[in-house]
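The values are calculated or read from the model by the stated rules, or taken from the named source; none is laboratory data. It should be emphasised that the depicted structure is a prediction, and the values quoted were computed from it without experimental measurement. Please note: Cβ atoms are built from the backbone with ideal geometry, for glycine as well, and neighbour counts cover all protein chains shown.
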């Protein structure tokens, strides 16, 4: 996976295809549910959709920032998506299990190096830029889902997201009207 300038990881891309962005906090059940939708969409469109993950850890949640750090540490091992999945799958253990146990679940065997990264207190550029982007585009909750510049008012379900992506891949507008969303300027 490649790094995105706003932070997180980029999955797959075909020129002109859909770009699904998700502004992310890693510690709420609704995010775990949407992560399942993302996994299914990724399997359905493995070469057609660029998926961008942007960190927005909620400051009031005691484990959000450390979860974002753990995901970025996993990125250095090429296991970003696997770490995000592990965090969601074992959300109920946040704070009671060390991040190295999540790393093992994500397939990271070098837990010593991972642990040093996870314990470090130096701000991570990907997390900082994610927070800055979220502020700039006025994110008020997570997940915030943006598809080719359109921000959903609420996270879409499988069928709604798949339908919109298929329309984009066919060169059509994804919606006739988009009442629960707004256009986000791509330069933001």
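Restricted to region 1-109, the set of helices (runs of 4 or more DSSP H) holding at least 2 residues that are modelled with pLDDT under 95 and touching a helix residue (DSSP H, G or I) at 6+ places or on another chain (Cβ under 9 Å) comprises 29-44, 64-75, 80-89.
Taking region 118-138, which residues are in a loop (DSSP other than H, G, I, E, B), loosely packed, with under 14 Cβ neighbours inside 10 Å and touching a residue at least 40 places away in the same chain (Cβ under 8 Å)?
Pass one, region 118-138, residues in a loop (DSSP other than H, G, I, E, B): 120-124, 137-138.
Then keep just the ones that are loosely packed, with under 14 Cβ neighbours inside 10 Å; that gives 120-123, 138.
Residue satisfying the conditions is 120 alone.
Every condition in (1) modelled with pLDDT under 90; (2) surrounded by 21 or more Cβ atoms within 10 Å (Cβ to Cβ); (3) part of a loop (DSSP other than H, G, I, E, B) holds for residue 141 except the one numbered (2). For the criterion of being more than 18 Å from the chain's Cα centre (by Cα), closer than 18 Å to residue 84 by Cα and either modelled with pLDDT of 85 or more or part of a helix (DSSP H, G or I) (or both), residue 115 passes.
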